[in-house]
Amino acid sequence: MLKNVAGSSFDEVKLENGFHILEFQNESIETLHFDRNIDSTFIQIHFCVKGNSKFLFNNGNYSFDVLDKRSIILYNPQRDLPINLEIRPKTILISLLISIEKFHSLFSKEAGYIPFLSKENSHKKYYDDIEIKPMVLIVLQQIINSSVNSSIRDLYIKGKIYELLSLHFQKDESSLGEYCPFLVDEQNVIKIRKAKDIVIGNIAEPPSLQELANEVGLNIKKLKEGFKQIYGDTVFSFLFDYKMEYARRLLETNQHNVNEVGLKVGYSTASHFIAAFKKKFGTTPKKYVLSLKN
């Protein structure tokens, strides 16, 4: 397992049987070590979002690096490939462990151009080392920066991983123009996250888009495109959903009446708040509170 060091984190999500995602973030000044037994029925795909890592095999007799913004695929049906990993300082790595059976079920129609799925290669070991595509890097950043409710986080991650795989193995690069290349820059991602924190912190009186863009140091176009790419919605649609969820939680405490909750989330009149709440949840705040009591 991963050594526990301040400034580092490790997370594992089991998406389903034979399908795991591992997320390593080492913001410490130490090189961390991770060991895991992986049998020969699994394909390993490792994405180095930032920094670099080293994989050691055969008791350290040979090794190779996973460098910044590169990904590797490892598959050997003839022998186990346990993970013996060195995670260098300031490194973020996301690893997918997928059983060959699960992988075949996902990509059976694409066997013609995924080399190790073809019949002639199915019993051969396979290794690939490529640069991470810009659109794949965006999805990886979305996974790392996800702030969705914990109760649905696994579902969100699962959807993003399927998107990640489809983009990673996609041959046609024509869709590149649909993505925002500036998001690959970590500083721009930080600015978008700051924008989200600002609107949440000013939930009752949020800044205008221009004020928000000025505060985080982006132009409006990049702010709008970046926010949509990372959080899947426009700034104010995101804020509306956040307001309604926050209002719902306040109502559940039974410590505030409907007028007070409306004011806390930025509605000067109760009627406007009630209409917004009903639009979101299909019921009025009063009926929602009554349903909790029943």
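Data overview
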item: Close pairs (9 angstrom Cβ cut-off, 6 or more residues apart or separate chains): in a helix (DSSP H, G or I) in the range 265-294, loosely packed, with under 11 Cβ neighbours inside 10 Å anywhere; result: Val289/Asn254; Leu292/Asn254; Lys293/Asn254
item: All positions within the range 248-264 that are hydroxyl-bearing (Ser, Thr, Tyr) and outside any helix (DSSP H, G or I); result: none
item: Subset of the range 10-19 [in a strand (DSSP E or B) and farther than 20 Å from Ser71 by Cα]; result: Lys14, Leu15, Glu16
item: Selection within the range 61-86 - among the acidic types (Asp, Glu), modelled with pLDDT of 85 or more and over 16 Å from Leu22 (Cα atoms); result: Asp68, Asp80
item: Residue among Leu74, Leu56 that is over 22 Å from the mean Cα position of the chain (by Cα), within 23 Å of Ile132 (Cα to Cα), assigned by TED's automatic domain parsing to the domain that holds Asp128 and buried (at least 19 other Cβ atoms within 10 Å of the Cβ); result: Leu74
item: The range 219-237, residues that are surrounded by fewer than 21 Cβ atoms within 10 Å (Cβ to Cβ) and either polar (S, T, N, Q) or assigned to a helix (DSSP H, G or I) (or both); result: Asn219, Ile220, Lys221, Lys222, Lys224, Glu225, Lys228, Gln229, Thr234, Phe236, Ser237
item: Filter pass, Lys90 being under 15 Å from Ser166 (Cβ atoms), of a type in the set (D, E, K, R), at pLDDT 85 or above and out of contact with any Lys or Arg (no Cβ under 6 Å at 6 or more places or on another chain); result: no
item: Residue within the range 195-214 that is buried (at least 16 other Cβ atoms within 10 Å of the Cβ), in a loop (DSSP other than H, G, I, E, B) and in contact with a Leu (Cβ under 7 Å, 6 or more places away or on another chain) present; result: yes
item: Filter pass, Leu97 being at pLDDT 75 or above, in a strand (DSSP E or B), under 18 Å from Phe47 (Cβ atoms) and not small (Gly, Ala, Ser); result: yes
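The values are calculated or read from the model by the stated rules, or taken from the named source; none is laboratory data. Just so it is clear, the model here is predicted, and its values are computed rather than measured. Heads up, the Cβs are rebuilt from the backbone with ideal geometry, glycines too, and the neighbour counts pull from every protein chain shown.
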